[in-house]
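The values are calculated or read from the model by the stated rules, or taken from the named source; none is laboratory data. Remember, it's a predicted structure, so these values are computed and weren't measured experimentally. Using ideal geometry, Cβ is built from the backbone for each residue, glycine included, and neighbour counts are taken over all protein chains shown.
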Amino acid sequence: DSVPQKGFFGHPKGLFTLFFTEFWERFSYYGMRAILVYYMYYEVSKGGLGMDQTLALSIMSIYGSLVYMSGIIGGWLADRIFGTSKAVFYGGILIMFGHIALAIPGSIALFFVSMVLIVLGTGLLKPNVSTVVGDLYAENDNRRDAGFSIFYMGINLGGFIAPLIVGSLMGVSFHLGFGIAAVGMFVGLVMFVLTKKKNLGLAGTTVANPLSPAERKKVFTYIGLGIVVIAVICAIAIPNGYLTFETFVNLIGILGILIPTMYFIVMYRSKKTTSVERSRLIAYIPLFIASVMFWAIQEQGSTILANYADKRTQLDFAGLHISPAWFQSLNPLFVIILAPVFAWLWVKLGKREPNIPQKFSLALLFSGLSFIVILLPAYFGGTDSLVNPLWLVLSYLICVLGELCLSPVGLSATTKLAPAAFSAQTMSLWFLSSAAAQAINAQIVKFYTPETEMVYFGTVGGASLVLGFILLMLAPKIQGFMKGIR
Ligand code: 78N
Ligand code: GLN
């Protein structure tokens, strides 16, 4: 194509297809997550599974971690076997069946089946749909960043609308809510299939780095062996009580840290990595750690703060009856409203625009502050009386100020700082910071109870503030290691 396409807000028409596919995928994901936490710990008489509350919060985090960890598998499958377009399609199918499994009233077994389907499906869909966005633009097309901003709007539009709809249905029946999430993913799949040929053309249809027949044989043998080994270990460990939920949480906690560490070691030691690229990788380490800290707090918005909304907040407020699930719409709402403001602000600041390490440290200062703010109601009013919901609104707002310093630059920073030979894994690498964050969250949520909430919010928020200040001081040094990347 020598003439750049301009079918969607001055962008390639393919962005229309990807925008709505991801809109509906996020609609189903965040709709499901907005009520899942309550579904797990609400009593059976209220339509829930009646689980222990701490266990439910821990499962939410493990689930969130696995969803981003599986991006490694999804990215690899797209790169070497399916191509991104097919990976998105198969992912959407798995996700839809995952939500259908939750829509069927029934057992805890269906709940775990659903988790497996959604983890694998999101791993296939999410990193790859984002990769295709980048593929829509030629190397030198300066619309790419704007394209990603429009796409990010789609993500957050889905995340905004879903909790309002699904959260309202939760009072009728949790399963109806999950059913709507399934319908959303179905609509997304239909739109993807119907418009991809016309809008996406060949984007995403080729396999970037296909396996040779010999590699294929080897890889499939290893995958087969791996499945057998895992099955044998489960068959021995579960009945004998070695693989309890607690060991599983610990295992994911270790993987959450081990996998990114191994990525760094492999990239750093690779013969294909140049010395300039090694320096950039060193610069990326503190940014990655900051990203883990930031997402740990941001993702607690759907676990700890969701619990706070349910248990500690006045839900009959200003003549309204508020569903606790509706608070999940606040983060995406503030992102939609404020993203253009931040884009304007950075341009306005011109030469004084903070650099990447400074933006990451700002993100940590804001996320830390968002937790300090939410300990204030207990400080002033104790933990016996219900809290004005505007405190939660303020906390979500402050966290979004941080998100807008980190999230829009995070992916492009990863692209620029990761060695060229590993470019196919950039998306997975960036998502691994969210995976690590939630693996850590699964460990720390057990320290949260209303009685300990001040210490909890103070410690986690304080850790973020301290890291933020350290990063701010290191920023010039990190910028130096980045060797000209801005
Ligand atoms: O195949 C058509 C394609 O080539 C070009 O289509 C367009 O340019 C249509 C532009 C539609 C703009 C819609 C954008 C945002 C509206 C968001 C509303 C979401 C509501 C229930 C979802
Ligand atoms: N809320 C955003 C999304 O769903 C970012 C999430 C993340 O990167 N952890 O894409």
Considering each of TYR152, TYR137 in turn, give the residue that is assigned to a helix (DSSP H, G or I) and aromatic (Phe, Trp, Tyr). TYR152
Whether any residue in segment 26-42 is modelled with pLDDT of 95 or more, over 18 Å from ILE161 (Cα atoms) and assigned to a loop (DSSP other than H, G, I, E, B) is what I want to check. yes
I'm told GLY224 meets every condition in (1) at pLDDT 90 or above; (2) over 24 Å from THR122 (Cα atoms) except one. Can you identify the failing condition by its number? (2)
Subset of segment 136-163 [in contact with an Asp or Glu (Cβ under 9 Å, 6 or more places away or on another chain), closer than 12 Å to LEU15 by Cβ and more than 13 Å from ligand 1 (Cβ to nearest atom)]: GLY147
Considering segment 437-448 alone, what residues qualify as being surrounded by fewer than 21 Cβ atoms within 10 Å (Cβ to Cβ), farther than 22 Å from THR261 by Cβ and touching a residue at least 40 places away in the same chain (Cβ under 8 Å)? LYS446
Scanning segment 184-236 for residues that are in contact (Cβ under 8 Å) with a residue 12 or more places away in the chain, small (Gly, Ala, Ser) and farther than 27 Å from GLN5 by Cβ gives GLY184
Picking from ALA109, ALA146, the residue that is surrounded by fewer than 24 Cβ atoms within 10 Å (Cβ to Cβ), part of a helix (DSSP H, G or I) and touching a strand residue (DSSP E or B) at 6+ places or on another chain (Cβ under 9 Å) would be ALA146
State the number of residues belonging to segment 176-201 that are surrounded by 14 or more Cβ atoms within 10 Å (Cβ to Cβ) and among the charged types (D, E, K, R). 1
Residues that are touching a Phe, Trp or Tyr at 6+ places or on another chain (Cβ under 8 Å) and among the hydroxyl-bearing types (Ser, Thr, Tyr): does segment 285-294 have at least one? yes
Looking only at segment 72-100, which residues are closer than 18 Å to TYR30 by Cβ and more than 20 Å from the chain's Cα centre (by Cα)? ILE100
Which residue out of GLY106, GLY50, GLY64 is at pLDDT 95 or above, of a type outside the set (A, V, I, L, M, F, W, C) and within 21 Å of MET170 (Cβ to Cβ)? GLY64
Single residue of SER370, SER361 found to be surrounded by 24 or more Cβ atoms within 10 Å (Cβ to Cβ), more than 16 Å from ligand 2 (Cβ to nearest atom) and of a type in the set (Gly, Ala, Ser): SER361
From MET427, MET482, MET454, grab the single residue that is at pLDDT 95 or above and in contact with a helix residue (DSSP H, G or I) (Cβ under 6 Å, 6 or more places away or on another chain). MET454
Of the conditions (1) touching a strand residue (DSSP E or B) at 6+ places or on another chain (Cβ under 9 Å); (2) free of Cβ contacts under 8 Å to residues at least 12 places away in the same chain, the single one that LYS46 does not satisfy is (1)
Kindly indicate which of GLY224, GLY204 is more than 30 Å from ASP52 (Cα to Cα), surrounded by fewer than 11 Cβ atoms within 10 Å (Cβ to Cβ) and small (Gly, Ala, Ser). GLY224
State whether one or more residues within segment 7-15 are under 21 Å from the mean Cα position of the chain (by Cα) and within 20 Å of TYR137 (Cβ to Cβ). yes
For residues in segment 449-486 being of a type in the set (Phe, Trp, Tyr) and closer than 20 Å to GLY402 by Cβ, which is surrounded by the most Cβ atoms within 10 Å (Cβ to Cβ)? PHE457
Residues of segment 45-78 classified as more than 25 Å from PHE447 (Cα to Cα) and surrounded by fewer than 22 Cβ atoms within 10 Å (Cβ to Cβ), total: 7
Kindly indicate whether any position in segment 297-319 is away from ligand 2 (no atom under 15 Å from the Cβ), at pLDDT below 95, hydrophobic (A, V, I, L, M, F, W, C) and touching an Asp or Glu at 6+ places or on another chain (Cβ under 9 Å). no
List pairs: first in segment 140-154 and under 13 Å from VAL335 (Cβ atoms), second away from ligand 1 (no atom under 13 Å from the Cβ) and among the hydroxyl-bearing types (Ser, Thr, Tyr), Cβ under 8 Å, 6+ apart or cross-chain? PHE151/SER130; TYR152/SER407
Quick one: what pairs do we get from segment 10-33, first residue closer than 13 Å to GLY147 by Cα, second within 9 Å of ligand 1 (Cβ to nearest atom) and aromatic (Phe, Trp, Tyr), C-beta under 9 Å, 6+ apart or different chains? GLY14/PHE8; LEU15/PHE8; LEU15/PHE9; PHE16/PHE8; PHE16/PHE9; THR17/PHE8; PHE19/PHE8
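Would a scan of segment 232-242 turn up a residue that is within 26 Å of the chain's Cα centre (by Cα) and of a type outside the set (Phe, Trp, Tyr)?
Among the residues of segment 232-242, not one is within 26 Å of the chain's Cα centre (by Cα) and of a type outside the set (Phe, Trp, Tyr), which makes the answer no.
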